[in-house]
Amino acid sequence: MPRIGVVLGSTRPNRLSATVAASVVEQLSAYGEIDLIDLAEVGLPFYDEPKPAAAGEPVHEHTKAWGRRVEPLDAVVIVTPEYNAGYPAVLKNAIDFLYAQWQGKPVAVVAYGWHGGRRVMTALTPVLANVKLVEVEGVQLQFGGELSVQGVWDPEASRDLPARFTAMAERLVGAIPAAPATA
């Protein structure tokens, strides 16, 4: 069974990403072992390594610990709000700390906001590609549509959400590279 990391992309007090992520975890649980990764708990400082992540030589224990958390994942789902047409700085920082650990992993973004998260998804695409994550189509959630401003699904507006999450999960799991055959 694949191991899927669900990353909460916001650390703001009163954030909705934990509420949204709980629903995402519920939807994904049939597709693999879920590792819920709260960036507030990971607690990374702003990038402080002396070399770029692509150099692969972290010196700080927090970087090494973050790498150990991400390395065993087979796929990643990022749950993020849209902040001013972009993503939270804490999410960008967490992505930037690693390089090799991201490479080749499928990733889907579950974005939410007043514009349905479309702009945050667009802004994240080149960042994810640069660290060699393989993006598959995620799910957009709009306040006043599928999602209330409290982060709760609107039963009437979200009737198609289970099908959208199923399709996302199938794309994500289907993009996991096959393990090499052992001799």
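For region 62-106, list residues with backbone N below 15 Å from a point placed 7 Å from the Cα of Thr122 toward its Cβ? Correct set: 82-87.
Counting only DSSP H runs of at least 4 residues, each contributing -39500 (n - 2.57), and dividing by the residue count of the chain, the helix-based mean residue ellipticity at 222 nm comes to -10000 deg cm²/dmol. Measuring nothing but protein heavy atoms, the accessible surface of the chain at 1.4 Å probe radius is 55 percent carbon and sulfur. Among Pro162, Pro106, Pro88, the residue with the largest mean-square fluctuation in a Gaussian network model of the chain, with springs joining Cα atoms closer than 10 Å, is Pro162. Here each label is just a point 7 Å from Cα along the line to Cβ, and for Glu41 and Lys132 those points are 2.9 nm apart. Pick from Lys92, Lys105, Lys51: which is most flexible by mean-square fluctuation in a GNM of the chain where alpha carbon atoms under 10 Å apart are linked? Looking only at Lys92, Lys105, Lys51, the biggest GNM fluctuation is shown by Lys51. Highest mobility in the GNM of the chain, judged by mean-square fluctuation with C-alpha springs under 10 Å and restricted to Glu71, Glu41, Glu33, is found for Glu41. On a per residue basis, the chain carries 49 Å² of accessible surface, using protein heavy atoms and a 1.4 Å probe. Taking a ≥ b ≥ c as the square roots of the Cα gyration tensor eigenvalues, region 3-111 comes out oblate, since a/c reaches at least 1.5 and a/b does not exceed b/c. Calculation over all alpha carbon pairs of region 118-162 in 10 angstrom steps from 0 returns a P(r) of 24, 39, 27, 9 percent. Pair-distance distribution of the chain: all C-alpha pairs, bin width 10 Å, starting at 0; shares per bin in whole percent are 10, 39, 36, 13, 2, 0.
The values are calculated or read from the model by the stated rules, or taken from the named source; none is laboratory data. Just so you know, these numbers come straight off a predicted model, no measurement behind them. Note that each Cβ is placed from the backbone with ideal geometry, even for glycine, and that neighbours are counted across all protein chains shown. Protein only, heavy atoms only, side chains kept; ligands, DNA and RNA dropped before computing areas. Shrake-Rupley method; radii C 1.70, N 1.55, O 1.52, S 1.80 Å.
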